[in-house]
Amino acid sequence: MLTRDMKSAAYNTRAAEATALAETCVLDNVREKHELSAARWRALAALNERDARA
């Protein structure tokens with residue numbers, strides 16, 4: 001099982017990947033889906049980091 005720090009890093013990596021996909025996408029609806037995905041990955045990372053500090 002991954003530690004919280006490793007999970008946060010993985011979530012941030014996935015957020016960066018989704019952001020990169022959004023930046024290269026020419027279709028508005030697909031770009032929005034990638035942006036939403038990136039936001040969710042960043043939120044998961046933030047929650048995980050917050051729980052690690054508690």
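See the values below:
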quantity	calculated
Read-out Rg/Rh (Cα atoms, Kirkwood Rh), derived from the coordinates shown; its label in [x] 1.10; [y] 1.28; [z] 1.00	[x]
FRET E, pair Asp28, Arg53, Förster distance 25 Å, beta-carbon r, rounded to 0.05	0.10
Helix-only [θ]222 nm of the chain, DSSP H runs n ≥ 4, -39500 (n - 2.57) each, per residue, nearest 500	-30500 deg cm²/dmol
Net charge of neighbours whose Cβ lies under 13 Å from the Cβ of Ala10, counting Lys and Arg as +1 and Asp and Glu as -1	+1
Folded to 0 to 90 degrees: helix 4-24 orientation relative to the chain principal axis, Cα	10
Size of charge dipole - the stretch 1-46 - debye, nearest 20, with Cβ of Lys, Arg +1 and Asp, Glu -1, no other charges	240
Environment charge at Leu27 (Cβ cut-off 15 Å; Lys +1, Arg +1, Asp -1, Glu -1)	-2
Contact order normalised by residue count of the chain, Cα under 8 Å, 6+ apart, percent	48
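Each reported figure results from applying straightforward, stated rules to the coordinates on display, with no laboratory input. These numbers come from a predicted model, not from an experiment. For neighbour counting, all protein chains shown are included, and Cβ atoms are generated from backbone atoms with ideal geometry for every residue, glycine included.
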